[in-house]
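Enquirer: Submitted below is the structure of interest, expressed as structure tokens.
The values are calculated or read from the model by the stated rules, or taken from the named source; none is laboratory data. As the structure is a prediction and not an experimental result, all values here were calculated from the model. Every residue, glycine as well, gets a Cβ built from its backbone with ideal geometry; the counts of neighbours run over all protein chains shown.
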């Protein structure tokens, strides 16, 4: 049982109905965004990053651990903030969840045989220089999605996540959800229409390139909420079960030594590995 999603479907449907009511007369906007997401999920890969220093632990545990399991991290409020986000996105009962019930956060992209590490290098500062490409067939029925970083600037208060195998356009910043408790205005866009209207226009104009989703922030002048397409993986990520490719680049001193020692070990588990360098 995916405990984080135990109370989700009804919660999402209620939000979706409220959204369609709010956009009455303009529901074509929602339908257009839904088709865009379906195409993106079909054509792109499910990915996750982590810092190179964690690779020995990932190999030892045969799994990518998330914040609740390792008990660390203070970025954007750390675990306490993550609990608020999960409640807002999924209507989960935090008090009923174990540490292993929390999702691992990743993103949707086209990794281009690892070169995404270079053209999306800014992501290495916050998320790490190891890029893992997951086996879609193992993840489709336990992955959810939001458009933009759900943790940033109260974004989670103005959306509800969606399942990637049953997409509804609830995962864009818009109206407050049932768990926002009237706080959805916090650093909100100019209007609840803003993201949806501007994204729809960008899609219709052919400005969003699925080959280069790292360029999303450029389309919206770096506005928070358009950083990337975020994925939440429920049920854990096993190294020997769920990862098909692993790419790494030297970002910090000692990274090359870690890759030299551990990439052959990871390869022996059936995961394709590659050290990326700048000679291209």
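Enquirer: Name the one entry in 275, 266 that is surrounded by 17 or more Cβ atoms within 10 Å (Cβ to Cβ) and either assigned to a loop (DSSP other than H, G, I, E, B) or more than 22 Å from the chain's Cα centre (by Cα) (or both).
Expert: None of the other options fit; the residue is 266.
Enquirer: Residues being within 18 Å of the chain's Cα centre (by Cα) and surrounded by 16 or more Cβ atoms within 10 Å (Cβ to Cβ): count how many of those fall in region 205-243.
Expert: Within region 205-243, residues that are within 18 Å of the chain's Cα centre (by Cα) and surrounded by 16 or more Cβ atoms within 10 Å (Cβ to Cβ) number 22.
Enquirer: Of all residues in region 102-132, how many are crowded, with 17+ Cβ neighbours inside 10 Å and either farther than 25 Å from residue 56 by Cβ or free of Cβ contacts under 8 Å to residues at least 12 places away in the same chain (or both)?
Expert: Initially, region 102-132 is screened for residues crowded, with 17+ Cβ neighbours inside 10 Å, giving 102-111, 114, 116-117, 120, 123-124, 127-132.
Narrowing the set further to residues that are either farther than 25 Å from residue 56 by Cβ or free of Cβ contacts under 8 Å to residues at least 12 places away in the same chain (or both) leaves 108-110.
Residues meeting the conditions: 3.
Enquirer: Kindly indicate the residue of region 144-167 that is in a loop (DSSP other than H, G, I, E, B) and surrounded by fewer than 22 Cβ atoms within 10 Å (Cβ to Cβ) and also nearest to the chain's Cα centre (by Cα) among those meeting that condition.
Expert: 149
Enquirer: Report, by residue number, each residue of region 215-238 that is in contact with a helix residue (DSSP H, G or I) (Cβ under 6 Å, 6 or more places away or on another chain) and part of a helix (DSSP H, G or I).
Expert: If the condition is that a residue be in contact with a helix residue (DSSP H, G or I) (Cβ under 6 Å, 6 or more places away or on another chain) and part of a helix (DSSP H, G or I), then 219 is the only one that fits.
Enquirer: Name every residue in region 1-20 that is free of Cβ contacts under 8 Å to residues at least 60 places away in the same chain and outside any helix (DSSP H, G or I), in order of residue number.
Expert: Once the filter is applied, which keeps residues that are free of Cβ contacts under 8 Å to residues at least 60 places away in the same chain and outside any helix (DSSP H, G or I), region 1-20 yields only 1.
Enquirer: Another one. If we only count helices (runs of 4 or more DSSP H) wholly inside region 86-143, which ones have 3 or more residues that are more than 13 Å from the chain's Cα centre (by Cα) and at pLDDT 95 or above?
Expert: In region 86-143, the matching helices (runs of 4 or more DSSP H) lie at 136-139.
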